[in-house]
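Working notes, beginning with the structure itself.
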Amino acid sequence: MGLFSLKREKKGDREILRLEGAITGDAGLEFIKLYDGISPKCTFNFRNVISINSQGLQVWTMFLRDFVNDHEVQLEECPPVIVSQMNMLPSFVQQAKVTSIYVPYFCEACNKVNSLIMEARQFPKGDQEMKPPACPTCKGEQELDDFDYFYFLSYLNDR
Ligand SMILES: [Zn+2]
């Protein structure tokens with residue numbers, strides 16, 4: 001558990017790259033292999049990533065810097081552990097397109113954080129207020145668990 005793995009899967013003219021476990025410096029070896037016969041259109045799926053350390057961040061951003069030049073890159077199902085890096089570090093995304101993220105909502109009644117998927121078309125625009133969805137357990141009201149969670153949109157919208 002926790003070891004990094006990367007699975008490749010063809011889906012039409014696109015390749016889905018499923019990252020799993022902890023992204024550390026070792027992940028760089030897997031990223032390099034991607035240059036071998038990969039589709040020009042790639043989607044990195046972060047759903048099962050549990051953590052990323054500073055060496056992992058370094059190998060990812062260095063890999064992506066080069067890779068986005070000749071590939072159309074999408075990042076999908078990014079969990080909070082990835083979104084918080086995106087918020088601190090624009091180089092995590094660069095010219096890639098973020099297609100979906102998990103958003104943590106807090107339900108006071110259940111005293112629980114629920115991370116729910118949000119597609120890019122549902123991302124809040126400008127100062128638009130976001131209405132959190134109902135709690136999946138008790139159907140009660142939830143609050144966004146992190147006030148600055150959508151900070152990364154400010155630099156994505158700028159380009
Ligand atoms: Zn609830």
| field | Hits in segment 116-137 - residues which are surrounded by 13 or more Cβ atoms within 10 Å (Cβ to Cβ) and either touching a residue at least 40 places away in the same chain (Cβ under 8 Å) or within 16 Å of the ligand (Cβ to nearest atom) (or both) | value | LEU116, ILE117, PRO132, PRO133, ALA134, CYS135, PRO136
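If only one of PHE152, PHE147, PHE106 is surrounded by 14 or more Cβ atoms within 10 Å (Cβ to Cβ), of a type in the set (Phe, Trp, Tyr) and more than 16 Å from the ligand (Cβ to nearest atom), which one is it? Break it down stepwise before answering.
Details: PHE147 fails: surrounded by 14 or more Cβ atoms within 10 Å (Cβ to Cβ); PHE106 fails: more than 16 Å from the ligand (Cβ to nearest atom).
Answer to the selection: PHE152.
Each value in this text was obtained by applying a stated rule to the coordinates, not by laboratory testing. Here the structure is a predicted model, which is why all the values come from computation and not from measurement. All Cβ positions, even for glycine, are placed from backbone atoms using ideal geometry, and neighbour counts span all protein chains on display.
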